[in-house]
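Q: What follows is a single structure, and I will ask about it in a moment.
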Amino acid sequence: MKKILLALTAVAAMTGSASAADLAARPYVKAPVAAPVANWTGFYVFGGGGGGLSNADQHVQTTVGAIPLTIDQRQGGSGWFGTVGAGYDWQFSGTWVAGVFADGQFGNIRATIQDPIAGITGNQKLETSWAAGVRLGWLVAPNVLSYVNGGYSGAHFGSTNFMTLAGVPAGIHLDGYNRNGWFIGGGVENSLNFFGITSPGWFMKTEYRSAFYNAKTSNELFDVTNTLVGRDIRANSWNQTISTSLVYRFNWTGPVVAKY
């Protein structure tokens, strides 16, 4: 009996010591705060500029007596432009981003127009254009998006004043006109933090775009009377552009998503 009492007393003493040790003061360790998770969902605006190339397949036609004369040729040109726009993106399945956007361009992309039958030449300027489309991208890194895009586009081409081969006004012109078409392109968008610049919400994107506009038949007109010369030029238009824009994303700094 004494041995049993001694054993119970020893166990009680050991249990009490362990409980006292457990109740002793311990240093407080604060749970780590999760860093903000990059979130591409939200609205954005952008503005920038770039350069472009213009190509057109032209069909010049006239009639001399009862004999029709036609000439087919390809002409081109180049120039600069500015752009502004806005859009909305959705991030899904972790690394995918889809969005809609619209933008407008203004500038000075000129293409040559020639009438070899009359020996006259002039320039036609792509003055303004617009685009509305969709894009789909994949996150190469949390703050770097590689994407493709496409959609509808419209453009206004300015009037053309012809010159003779001697470099003097020919007294003949083409009126300006509007055309619609479509575009396809792609690019890369990244936060400025990618370059070590601390600027939450600010991004930069570089984009290539190829736009195709429907063919248009334009009648040559006399400058003074604005009457028909009797020749017309039918041409389509293919424009390629490369632009760099500064982008601001309104929700880039939030929300904070914590995982434990």
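Q: Any residue that is within 23 Å of Phe92 (Cα to Cα), among the hydroxyl-bearing types (Ser, Thr, Tyr) and surrounded by 15 or more Cβ atoms within 10 Å (Cβ to Cβ) - is there at least one of those in segment 153-169?
A: No, the conditions are met nowhere in segment 153-169.
Q: Among (1) under 30 Å from Val97 (Cβ atoms); (2) in a strand (DSSP E or B); (3) at pLDDT below 95, where does Leu246 come up short?
A: Here Leu246 meets the rest and fails (3).
Q: Also, I was wondering about something else. List every residue pair whose Cβ atoms lie under 9 Å apart, where the two residues are 6 or more positions apart in sequence or sit on different chains, the first residue falls within segment 204-218 and is buried (at least 18 other Cβ atoms within 10 Å of the Cβ), and the second residue, located anywhere, is in a strand (DSSP E or B) and of a type in the set (Lys, Arg).
A: Pairs found: Tyr213/Arg179; Ser218/Arg234.
Q: If Ala86 satisfies every condition in (1) of a type in the set (A, V, I, L, M); (2) part of a strand (DSSP E or B); (3) modelled with pLDDT under 95 but one, which is the exception?
A: Answer for Ala86: the failing condition is (3).
Q: Checking the structure you have, find out if any residue of segment 154-163 is assigned to a strand (DSSP E or B) and within 17 Å of the chain's Cα centre (by Cα).
A: Checked segment 154-163: at least one residue is assigned to a strand (DSSP E or B) and within 17 Å of the chain's Cα centre (by Cα).
The values are calculated or read from the model by the stated rules, or taken from the named source; none is laboratory data. It should be emphasised that the depicted structure is a prediction, and the values quoted were computed from it without experimental measurement. FYI the Cβ positions are ideal-geometry reconstructions off the backbone, even for glycines, and counts take in every protein chain you see.
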